[in-house]
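Worksheet for the structure shown next.
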Amino acid sequence: MTAISPRPQLHLNINALHSGFVPSAWRRPEADPRAFVDVAHYVRIARIAEAGKFDAVFLADSAAIVDQIDFRPITALEPTVLLASIAAATTHIGLIGTASTSYNEPYNIARRFGTLDHVSGGRAGWNIVTTADLPSARNFGRDTVPDHAERYARATEFTEVVKALWRSWDDDAFVGDPISGRFVDPQRVHAIAHEGRYFKVAGPLNLPRSPQGSPVLVQAGASADGLALAARHAEAVFSASQSLEEAIAYRRDLHARAAAHGRGPHAIKVLAGLATIIGATESEARRRRDALIDQIPEHYSLARLAGTLGVPADALELDRTLPDDLPLPGGGNGNHTFFHATLARARAGRHTVRELIRTLAGGGGHRVVVGTPEQIADDIAQWFAAGAADGFNLMPDCLPGGLQDFVDGVVPILQKRGIFRTEYDETTLRERFAASRAGEGGDVGMRQRHVA
C-alpha cells in the first residue's frame, strides 16, 4: 500500500519588532514606551506566539541608530542575549536571531549561536545578513561601506566557516563515561584549518554538537548576491514580495538556484513578510489602521520612505507619484530588497507618495493586510495554496495586542482548515522546518584534521 503524504503545513514566525510594525504603535494607551528594552515584553510576545503554536520568534538587529529616535523605538537589545532569556521562559518555540557578517567574526558567531542552541535544547536559528549603512561602519572604525558584492563575498566565506565550526565535533565525540574515564574522543573532534580570502580560522569550536546538529540558517536578501547566498546555504528565507505573482516567481527562482547546488525543492522554506491590522469588521480594521497612521508625523514617514528609495526627502512630492527611473540606493550599494518591494507596490497601485505611505502603514517595505480574522486567514491560505510562500514572518501592527488578536482570531481558522498545526510534534526547530540535520546542502567541503 502506498503511504499517503501528510498535508503540507504552514509555517509562522513572529517578527518581534519592539512595539509593533506601525511606527506609532508605542503611542497606544495600552502600550509601554519602554518595551523596546524590557525583556519581559519580549518574553510575553514569545509566550503568546508559543500558545498559538508558531514556529519561531524572530529578532532583527542593527549595529547603529539608523531610525528617527525622536519619534520611534529602535532595535536596541542584542538578539542572542535576549533569545537566551526567551529560551528560559518557553519550551517549544524556535529562536531566530540576526547577526551581521560585516562586523563580526565567524568563530564568535558559531560559538554564540551554538551556545543558544544548547541552552534552548535545539531551537536556535541564525539570520545571516550583511550591513549596508554608514553609521554602523563608523561604529566599527570604518569611513565607508564595502560595496555590495564585497559584502556578500565576505558573507559567503563567513557562513562556510561557521558551518565548518559547527561540524568540527562529530555527533558521538562526547563520551562522558565515568567508568572508563574517557570524556571526549579526540579522534572525533576536528580542526577546520580554514585559510581564505577574508578569514583564517584553525578551529575546532570549543563546544560539542547541539541537539539539532547545528542552528537553522536563515537569510533575507533578494538581490542577486543575496539569492546566491540563500540558494547555497539558507534553510529558510524571509521575503518581501508585494504581490502573489511576484512571490510565486521569487520562490520558483530561489528553488531553481538551490537545485543548481544539488539541493531539493523543499530545502528552503520561503517565509513572506506580512504585516497585519485586524478588526472585528473590515471597517473597524480600517479605522484602527487610520488611527495609527494619523499618529505618525508626516515628515517621519516621508523621510523613512525616502531612505528606503535612496533619495532626499525633498525629491518626493506627497500628491504625486514616485519619480520615474529611480536608481538603486547608493549606486547599488544599499538595500535592494525593500527598494524593489516598495517600488513594485507603488507602480502596481499607481499610488501618490501620500497614498503609498498609507498603504505601507507608515512607509515600511512589507505587505500590509487590513481586515477581519477571516479575511487575513483567506489571504494567508491563498498565498500558501498558490505556492507563493511556505509560511509568513508575521509583523502585527502593535505588540503584544496585535499578536494576541492574530492568535485568538486567525490561528483557529487556519487550524480548522487543516493547514496549521494544533500541537508541536517536533522537538527542534530543524525538525520543524524539515531541514537536514547536518544542514550541509550545497557546501564546498573544508579541510579538517583530528585534534590530537
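Return the residues of region 215-230 that are in contact (Cβ under 8 Å) with a residue 40 or more places away in the chain and either in contact with a strand residue (DSSP E or B) (Cβ under 9 Å, 6 or more places away or on another chain) or surrounded by fewer than 15 Cβ atoms within 10 Å (Cβ to Cβ) (or both); say none if nothing qualifies.
The first filter runs over region 215-230 and keeps only residues in contact (Cβ under 8 Å) with a residue 40 or more places away in the chain, leaving 215-223, 225-226, 228-229.
Once the filter is applied, which keeps residues that are in contact (Cβ under 8 Å) with a residue 40 or more places away in the chain and either in contact with a strand residue (DSSP E or B) (Cβ under 9 Å, 6 or more places away or on another chain) or surrounded by fewer than 15 Cβ atoms within 10 Å (Cβ to Cβ) (or both), region 215-230 yields P215, V216, L217, V218, Q219, A220, G221, A222, G226, L229.
Which one of F174, F140 is over 21 Å from E235 (Cα atoms), surrounded by fewer than 19 Cβ atoms within 10 Å (Cβ to Cβ) and touching a Ser or Thr at 6+ places or on another chain (Cβ under 9 Å)?
F140
So D143 clears everything in (1) of a type in the set (D, E); (2) in contact (Cβ under 8 Å) with a residue 24 or more places away in the chain; (3) part of a loop (DSSP other than H, G, I, E, B) except one condition, right? Which one?
All conditions are met except number (2).
Exactly one condition in (1) assigned to a loop (DSSP other than H, G, I, E, B); (2) over 30 Å from V175 (Cα atoms); (3) at pLDDT 95 or above is not met by A222; state its number.
Unmet for A222, out of (1) assigned to a loop (DSSP other than H, G, I, E, B); (2) over 30 Å from V175 (Cα atoms); (3) at pLDDT 95 or above: (3).
From the list A76, A64, exactly one residue is surrounded by fewer than 17 Cβ atoms within 10 Å (Cβ to Cβ), among the hydrophobic types (A, V, I, L, M, F, W, C) and in contact with a Phe, Trp or Tyr (Cβ under 8 Å, 6 or more places away or on another chain). Which is it?
From the options A76, A64, the qualifying one is A76.
Of the residues in region 186-210, how many are surrounded by 15 or more Cβ atoms within 10 Å (Cβ to Cβ) and more than 16 Å from F158 (Cα to Cα)?
Within region 186-210, residues that are surrounded by 15 or more Cβ atoms within 10 Å (Cβ to Cβ) and more than 16 Å from F158 (Cα to Cα) number 8.
Please work out which one of (1) at pLDDT 95 or above; (2) part of a loop (DSSP other than H, G, I, E, B) is the condition I86 fails and give its number.
Only one criterion in (1) at pLDDT 95 or above; (2) part of a loop (DSSP other than H, G, I, E, B) is unmet by I86, namely (2).
How many of the residues making up region 366-395 are surrounded by fewer than 19 Cβ atoms within 10 Å (Cβ to Cβ), out of contact with any strand residue (DSSP E or B) (no Cβ under 9 Å at 6 or more places or on another chain) and of a type outside the set (D, E)?
Final tally of qualifying residues: 5.
If a residue must be at positive phi and over 26 Å from the mean Cα position of the chain (by Cα), how many such residues does region 292-324 contain?
Counting residues in region 292-324 that are at positive phi and over 26 Å from the mean Cα position of the chain (by Cα) gives 0.
From the list R350, R367, exactly one residue is of a type in the set (K, R) and at negative phi. Which is it?
Just one listed residue meets the conditions, R367.
Determine which member of the set P312, P396, P323, P400 is closer than 27 Å to D290 by Cα and in contact with a Gly (Cβ under 7 Å, 6 or more places away or on another chain).
P396
Going by the structure shown, is L83 within 30 Å of A388 (Cα to Cα) and either of a type in the set (S, T, Y) or buried (at least 19 other Cβ atoms within 10 Å of the Cβ) (or both)?
yes
A quick yes/no check of all residues on (1) closer than 20 Å to T428 by Cβ; (2) more than 20 Å from the chain's Cα centre (by Cα); (3) at pLDDT below 95:
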{"residue": "A3", "(1), (2), (3)": "no, yes, yes"}
{"residue": "P6", "(1), (2), (3)": "yes, yes, yes"}
{"residue": "G20", "(1), (2), (3)": "no, no, no"}
{"residue": "A31", "(1), (2), (3)": "no, yes, no"}
{"residue": "D38", "(1), (2), (3)": "no, yes, no"}
{"residue": "Y42", "(1), (2), (3)": "no, no, no"}
{"residue": "I45", "(1), (2), (3)": "no, no, no"}
{"residue": "F54", "(1), (2), (3)": "yes, no, no"}
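Answer with yes or no whether R232 is in contact with a Gly (Cβ under 6 Å, 6 or more places away or on another chain) and among the charged types (D, E, K, R).
Yes, satisfied.
Tell me yes or no: at least one residue of region 297-316 is in contact with a helix residue (DSSP H, G or I) (Cβ under 9 Å, 6 or more places away or on another chain), in a helix (DSSP H, G or I) and under 17 Å from V370 (Cα atoms).
Within region 297-316 (the criterion being in contact with a helix residue (DSSP H, G or I) (Cβ under 9 Å, 6 or more places away or on another chain), in a helix (DSSP H, G or I) and under 17 Å from V370 (Cα atoms)), the answer is no, since none of the residues qualifies.
Name the single residue, out of those in region 252-280 being among the basic types (K, R) and more than 16 Å from the chain's Cα centre (by Cα), that is nearest to D290 (Cα to Cα).
Filtering first and then ranking leaves R252.
Would you tally the residues in region 201-240 being more than 14 Å from the chain's Cα centre (by Cα), of a type in the set (S, T, Y) and more than 20 Å from T428 (Cβ to Cβ)?
Going through region 201-240 one residue at a time, the tally reaches 1.
Could you go through region 64-74 and let me know if any residue there is under 21 Å from R47 (Cβ atoms), aliphatic (A, V, I, L, M) and touching a residue at least 40 places away in the same chain (Cβ under 8 Å).
no
Restricting to region 421-452, what's the tally of residues that are basic (K, R), assigned to a loop (DSSP other than H, G, I, E, B) and at pLDDT below 50?
Residues flagged as basic (K, R), assigned to a loop (DSSP other than H, G, I, E, B) and at pLDDT below 50 within region 421-452 amount to 1.
Give the residues of region 115-136 that are in a helix (DSSP H, G or I), touching a residue at least 12 places away in the same chain (Cβ under 8 Å) and over 28 Å from T90 (Cα atoms), sorted by residue number.
P135, S136
Here are the criteria: (1) out of contact with any Leu (no Cβ under 6 Å at 6 or more places or on another chain); (2) closer than 26 Å to N393 by Cα; (3) modelled with pLDDT of 95 or more. Tell me which single one R188 does not satisfy.
(2)
Is it fair to say D294 is among the charged types (D, E, K, R) and in contact with a helix residue (DSSP H, G or I) (Cβ under 9 Å, 6 or more places away or on another chain)?
Working: among the charged types (D, E, K, R): yes; in contact with a helix residue (DSSP H, G or I) (Cβ under 9 Å, 6 or more places away or on another chain): no.
Here the answer is no, as D294 does not meet what is asked.
State all residues of region 88-133 that are under 17 Å from R47 (Cβ atoms) and buried (at least 24 other Cβ atoms within 10 Å of the Cβ); if no residue qualifies, say none.
The answer is I93, G94, L95, I96, S120, R123.
Output the number of the condition that A149 fails; it satisfies all remaining conditions of (1) in contact (Cβ under 8 Å) with a residue 24 or more places away in the chain; (2) outside any helix (DSSP H, G or I).
(2)
The values are calculated or read from the model by the stated rules, or taken from the named source; none is laboratory data. Just so it is clear, the model here is predicted, and its values are computed rather than measured. Because the Cβ atoms are built from the backbone with ideal geometry, glycine has one as well, and the counts that use them run over all protein chains shown.
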